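Working notes for the structure below.
The values are calculated or read from the model by the stated rules, or taken from the named source; none is laboratory data. Note that the coordinates shown come from a computational prediction; the quantities given were computed from them, not determined experimentally. Note that we place each Cβ from the backbone using ideal geometry, even for glycine, and neighbour counts take in every protein chain shown. Note: areas computed on protein heavy atoms with side chains; ligands, DNA, RNA excluded. Shrake-Rupley method; radii C 1.70, N 1.55, O 1.52, S 1.80 Å.
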Amino acid sequence: MQWGWGSTSAAEDRLPLKGWAGPSWVGGMGKQFYITTAIDYTNGAPHIGHAYEKILADTMARFKRLAGSEVYFLSGLDQHGQKVQLSAEKAGVTPEVFVREVSDRFIALWDRLNVRPDGWVETTDVRHKRVVQDMLQQLFDEGQIYKKSLRGWYSVRQEQFLNEKDREADGSWGGQWGLVEEREEENYYFRLSDHTAWLRGYLETHPDMIYPANRQTQLLNAVKDSEGVDLCISRPKSRLTWGIPLPFDDDYVTFVWFDALTNYASFAGFRDREPGVSGLPRWEDLWPCDAHVIGKDILIPAHGIYWPIMLHACGVPDEQMPKILVHGWWNMKGKKVSKSEKIEDDSVVKVIADLVDPNAIADVVGADGLRYFLLADIATGGDSDISEERILVRYNKDLADILGNLLNRTLNMARKYLGGTLVATTHDSELHAGLREAVVALPGKALGHMKTWQIHQVLADIIDGARLANEFVDKTAPFKLAKDPANADAVASIMRHVAEAMAHFSVMLSPAMPETAARIQGQLGWVPPVGLTLGDLRWGMLPDGHVLGEPQPLFPKVQVAAAG
Ligand code: MSP
């Protein structure tokens, strides 16, 4: 088999990760906070569901760093499998060429959206294949993998054997399965059933393995239902060549689970043959995983049953089982956005060419406009519906009218009334104190929301803070006070307050909207101290004599033409 097995190209050598900005990870300093995402299938273009998950995990990683933790963030691509092989055949190219082209589209998107993982998974990477084979060989040697012949109903379209419970109520096979025929095939099976009792016990004694908690309850019920069933882990090469060969039988490749799920460990240094030389992090620094960020469709059975059992069977102890964060779906008109099903977007106004394509949304509202929408308009764990109207309302109202407007008017007034320089003042009032208190409360509130990763609440608090700052300007009316030189101290104090509030907002926004944070700071003429954490935020970061920068529109409004 020649499909690059011999190549030693490590994923991160090919990718632009090394040149990426942002805080880079430094190993060897004790346990890091380890965040991973699901790896995306490379059988088609990325869509907003993929973008949401990666932006969510990237924001979590940035937030944890801002809170003072050492963080390692891993993401990447699931490159093997039947669907990729078929898509490549259809496109008339080899799987290698096909996968490279699709992978590069994902990478370009993450680059554009400022998703900045510290490690990058590509499952065709030779270091990954070695670990997968190593685990399979161990389990085979221990008798945990066996071969058997199965005769049953096989869906040609979905490339899998079906169970009786897959039949419709009238006994037929639903249309989703396409042609269903009776087949007999020999394959390898992993003795999952030997471990389901262990998993049940583990889940019962570790109720915080999965967030949100209702997903753990669902999982526990599913584990009870799956008792007695083993897991098919191979496909004959006659049917699937684009995969990792079984180390103990060269006529087969491993099918999906050991290939895909193992990435979270193999790219974290599990059983690394060349520690220190391989370019992978140290297992002891990362494991166990603190947050596997996955969608609700892949918890049961893959990440909730197969993955913990695979780890357990390979000797990972109970106290090192991963924690899983399950997010919901972005839907369109109530239906999950996916590659396979096209949902007609019948928005009245069409400014965004394709609502499913993250690039098309970013073309209109920018990378941070998209990040903001995807994080602000969904509660972590729940579902949400995407629409052009929701995106534009979020952008034009929250970002342009409230945040952008606050910065712009602050800088313009400061130039007009103070020549752009903040000066010492003594003027104070209840309104001033109210704004100060609201702003300095933000980090504590954010830390509370982020215990359950409720980023939308963090963002809502920041936008509320900016709204309050706008009201503060409206009520204190520096534009009126400035007419009388006797009010110079009052005007200076108002400017001081809104500029300082803006500096705080920029830091608080930086995990979700890194570009915007940098642009606000640039316009404020403020360089935050290196390594600034949430705990360092205090009132008075802009000193006497601070010179503010040039105002530039942060979020130019998107004009929505009248329908009709
Ligand atoms: N390759 C597998 C995961 C590896 S383990 C077997 C896979 N890939 S995927 O490309 O289909 O999905 C990747 C991630 O995107 C999953 O966590 C999935 O839940 C998420 N999303 C895909 N569509 C989604 C939405 N419409 N909304 C939110 N996230 C969803 O599964």
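Could you check D428 against (1) open to solvent by 20 Å² or more (accessible area, probe 1.4 Å); (2) more than 24 Å from K336 (Cβ to Cβ); (3) out of contact with any His (no Cβ under 6 Å at 6 or more places or on another chain); (4) part of a helix (DSSP H, G or I) and say which number it fails?
In the conditions (1) open to solvent by 20 Å² or more (accessible area, probe 1.4 Å); (2) more than 24 Å from K336 (Cβ to Cβ); (3) out of contact with any His (no Cβ under 6 Å at 6 or more places or on another chain); (4) part of a helix (DSSP H, G or I), D428 misses (4) alone.
If you go through segment 25-33 one residue at a time, do you hit one that is modelled with pLDDT under 50 and either open to solvent by less than 40 Å² (accessible area, probe 1.4 Å) or in a loop (DSSP other than H, G, I, E, B) (or both)?
yes
Can you confirm whether segment 205-225 contains a residue that is assigned to a loop (DSSP other than H, G, I, E, B), without any contact (Cβ under 8 Å) to a residue 12 or more places away in the chain and either open to solvent by 60 Å² or more (accessible area, probe 1.4 Å) or under 23 Å from M310 (Cα atoms) (or both)?
Narrowing segment 205-225 to residues assigned to a loop (DSSP other than H, G, I, E, B): 206-209, 212.
Still in the running and without any contact (Cβ under 8 Å) to a residue 12 or more places away in the chain: 207.
Next, only the ones that are either open to solvent by 60 Å² or more (accessible area, probe 1.4 Å) or under 23 Å from M310 (Cα atoms) (or both) stay: 207.
So far as segment 205-225 goes, yes, one or more of its residues are assigned to a loop (DSSP other than H, G, I, E, B), without any contact (Cβ under 8 Å) to a residue 12 or more places away in the chain and either open to solvent by 60 Å² or more (accessible area, probe 1.4 Å) or under 23 Å from M310 (Cα atoms) (or both).
Could you tell me which of the residues Y154, Y146 is surrounded by 15 or more Cβ atoms within 10 Å (Cβ to Cβ) and in a strand (DSSP E or B)?
Values: Y146 fails: surrounded by 15 or more Cβ atoms within 10 Å (Cβ to Cβ).
Selected residue: Y154, the only one of Y154, Y146 that is surrounded by 15 or more Cβ atoms within 10 Å (Cβ to Cβ) and in a strand (DSSP E or B).
Quick one: count up the residues across segment 276-297 that are within 30 Å of K336 (Cβ to Cβ), out of contact with any Pro (no Cβ under 7 Å at 6 or more places or on another chain) and open to solvent by less than 30 Å² (accessible area, probe 1.4 Å).
So the count comes out to 4.
The conditions are (1) within 16 Å of T36 (Cα to Cα); (2) open to solvent by 10 Å² or more (accessible area, probe 1.4 Å), and V71 fails exactly one of them. Which is it?
Only one criterion in (1) within 16 Å of T36 (Cα to Cα); (2) open to solvent by 10 Å² or more (accessible area, probe 1.4 Å) is unmet by V71, namely (2).
Got a sec? Which of G535, G525 is open to solvent by 10 Å² or more (accessible area, probe 1.4 Å), among the small types (G, A, S) and touching a strand residue (DSSP E or B) at 6+ places or on another chain (Cβ under 6 Å)?
One residue alone meets the criteria, G525.
Looking only at segment 358-385, how many residues end up being within 16 Å of the ligand (Cβ to nearest atom) and touching a Pro at 6+ places or on another chain (Cβ under 8 Å)?
3
With respect to P543, determine if the residue is in contact with a helix residue (DSSP H, G or I) (Cβ under 7 Å, 6 or more places away or on another chain) and either part of a helix (DSSP H, G or I) or not charged (D, E, K, R) (or both).
Details: in contact with a helix residue (DSSP H, G or I) (Cβ under 7 Å, 6 or more places away or on another chain): no; either part of a helix (DSSP H, G or I) or not charged (D, E, K, R) (or both): yes.
Against the criterion (in contact with a helix residue (DSSP H, G or I) (Cβ under 7 Å, 6 or more places away or on another chain) and either part of a helix (DSSP H, G or I) or not charged (D, E, K, R) (or both)), P543 does not qualify.
Going by what's in this entry, would A260 be described as in contact (Cβ under 8 Å) with a residue 60 or more places away in the chain, more than 13 Å from the ligand (Cβ to nearest atom) and crowded, with 20+ Cβ neighbours inside 10 Å?
Values: in contact (Cβ under 8 Å) with a residue 60 or more places away in the chain: yes; more than 13 Å from the ligand (Cβ to nearest atom): no; crowded, with 20+ Cβ neighbours inside 10 Å: yes.
Considered against the rule, which asks whether it is in contact (Cβ under 8 Å) with a residue 60 or more places away in the chain, more than 13 Å from the ligand (Cβ to nearest atom) and crowded, with 20+ Cβ neighbours inside 10 Å, A260 comes out as no.
Just one of the numbered conditions (1) touching a Lys or Arg at 6+ places or on another chain (Cβ under 8 Å); (2) among the polar types (S, T, N, Q); (3) in the same structural domain as G49 (by TED's automatic domain parsing) is not true of Q144; which one?
Only one criterion in (1) touching a Lys or Arg at 6+ places or on another chain (Cβ under 8 Å); (2) among the polar types (S, T, N, Q); (3) in the same structural domain as G49 (by TED's automatic domain parsing) is unmet by Q144, namely (3).
Hey, among V121, V102, which residue is in contact with a strand residue (DSSP E or B) (Cβ under 6 Å, 6 or more places away or on another chain), open to solvent by less than 30 Å² (accessible area, probe 1.4 Å) and at negative phi?
After applying the criteria, what remains is V121.
Can you tell me which residue in segment 253-285 is modelled with the lowest pLDDT, limited to those that are of a type in the set (A, V, I, L, M) and over 12 Å from V121 (Cα atoms)? Write out each step before concluding.
Our first condition is that a residue be of a type in the set (A, V, I, L, M); within segment 253-285, this holds for 253, 256, 260-261, 265, 268, 277, 280.
Add one more test, that the residue is over 12 Å from V121 (Cα atoms), and what stays is 253, 256, 277.
Numbers: V253: 97, V256: 89, V277: 94.
Checked segment 253-285; the qualifying residue modelled with the lowest pLDDT is V256.
Please go through segment 298-335 and give me each residue that is free of Cβ contacts under 8 Å to residues at least 60 places away in the same chain, within 11 Å of the ligand (Cβ to nearest atom) and surrounded by fewer than 18 Cβ atoms within 10 Å (Cβ to Cβ), ordered by number.
A302, N331, K335
Taking interchain pairs and intrachain pairs at least six residues apart, which have beta carbon atoms under 6 angstrom, with the first residue in segment 46-74 and at positive phi and the second more than 9 Å from the ligand (Cβ to nearest atom) and open to solvent by 10 Å² or more (accessible area, probe 1.4 Å)?
G68/T533
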